[in-house]
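The values are calculated or read from the model by the stated rules, or taken from the named source; none is laboratory data. Everything numeric in this text was worked out from a predicted model, so none of it was measured. Using ideal geometry, Cβ is built from the backbone for each residue, glycine included, and neighbour counts are taken over all protein chains shown.
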Amino acid sequence: MSPHDPSSASKAWHAYFESNVGVYDDLPWACSYRLSDRERKTVQKSIQQFQLGEGAEGRRLLKRGSAWSARSGDTRFVDVLSLFIKEEQRHSRQLLRFMEREGIPSLCGHWVDNVFRRIRVLAGLELELRVLVTAEVIAVPYYRALGRATRSELLAAISARILDDEAAHLRFQRSMLSRLGATRAPGLRCMVWQAHRLFVVGTCCVVWAEHRGAFRAAGYTFGKLLEEALAEMSGLESRWQARVAAQLADSRSIVPDC
């Protein structure tokens, strides 16, 4: 892999995502436990919304990724982006399968999902990625909470598996953001991250309003949700800054730390 190849990072990520295909089919679907009426009432609306959000087709993101690929010379990027989207869709299928066995209907739409989709319509590639990063950052405390909200071994296992994937997704998105924003002036980079943190705080308010039942069942307060989401953001930003500094010091493409 040539360090000067603009596709080098995407090649590494392509290998990573392909290695995940078919690996995670060992969830305990045979578990006999079924949600109690109280547990179902607690998590039903929450799971429905996240299942809907995880199932986005990503056509617009792929179109923007294709344009960026042509500009940057990274011929592998669109393939990697497609594998990333498929992994998110796998989360949706896993949640849907759980919902079906628990008699929880799926949603055709929801106002929160519609708002996020509208924001992404107005965005360019970087802003769309930052909206996705926001969802991933908040998904970390959410799936931690969901895994503890009931006595279902299966739901806990699904949540843990998704958390494993989300950790890698954040690394992938950090790698992309570092490439997109490396040439931006330091002061402007700081402003962008400050605006992003404010967006995360606002989104946490919406998520708490919509999902507080599931969070509370796991012992979460709004403060704990916000603390964990912002901790993920701080870690993401600090590692992003280090990677941008490395890029500026060395023009070689950066291979993701997957």
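Here are some notes:
- Qualifying residue in the stretch 86-95 (condition: in a loop (DSSP other than H, G, I, E, B) and either among the hydrophobic types (A, V, I, L, M, F, W, C) or modelled with pLDDT of 95 or more (or both)): no
- Matching residues in the stretch 50-79 - criterion: being among the charged types (D, E, K, R) and part of a helix (DSSP H, G or I): GLU54, ARG59, ARG60, LYS63, ARG64, ARG71, ASP79
- When ARG117 is tested against (1) surrounded by 15 or more Cβ atoms within 10 Å (Cβ to Cβ); (2) under 17 Å from the mean Cα position of the chain (by Cα), exactly one condition is not met: (1).
- Each residue in the stretch 105-146 was checked for being farther than 25 Å from GLY65 by Cα and without any contact (Cβ under 8 Å) to a residue 60 or more places away in the chain, and 7 pass.
- Residue ID - modelled with the highest pLDDT, chosen from residues in the stretch 1-41 that are assigned to a loop (DSSP other than H, G, I, E, B), of a type in the set (S, T, N, Q) and exposed (fewer than 13 other Cβ atoms within 10 Å of the Cβ): SER36
- Looking at GLY73, GLY65, GLY109, just one residue is in contact with a Phe, Trp or Tyr (Cβ under 7 Å, 6 or more places away or on another chain) and not basic (Lys, Arg), and that residue is GLY65.
- Restricting the first member to the stretch 181-195 and to residues that are at pLDDT below 70, and the second to residues that are surrounded by 17 or more Cβ atoms within 10 Å (Cβ to Cβ) and of a type in the set (Lys, Arg), the beta-carbon pairs closer than 8 Å and six or more apart or on different chains are GLY181/ARG189.
- Identity of the residue in the stretch 148-172, buried (at least 20 other Cβ atoms within 10 Å of the Cβ) and without any contact (Cβ under 8 Å) to a residue 60 or more places away in the chain, that ends up nearest to PHE77 (Cα to Cα): GLU166
- Single unsatisfied condition, ARG101 versus (1) at pLDDT 85 or above; (2) among the basic types (Lys, Arg); (3) over 14 Å from the mean Cα position of the chain (by Cα); (4) surrounded by 14 or more Cβ atoms within 10 Å (Cβ to Cβ): (4)
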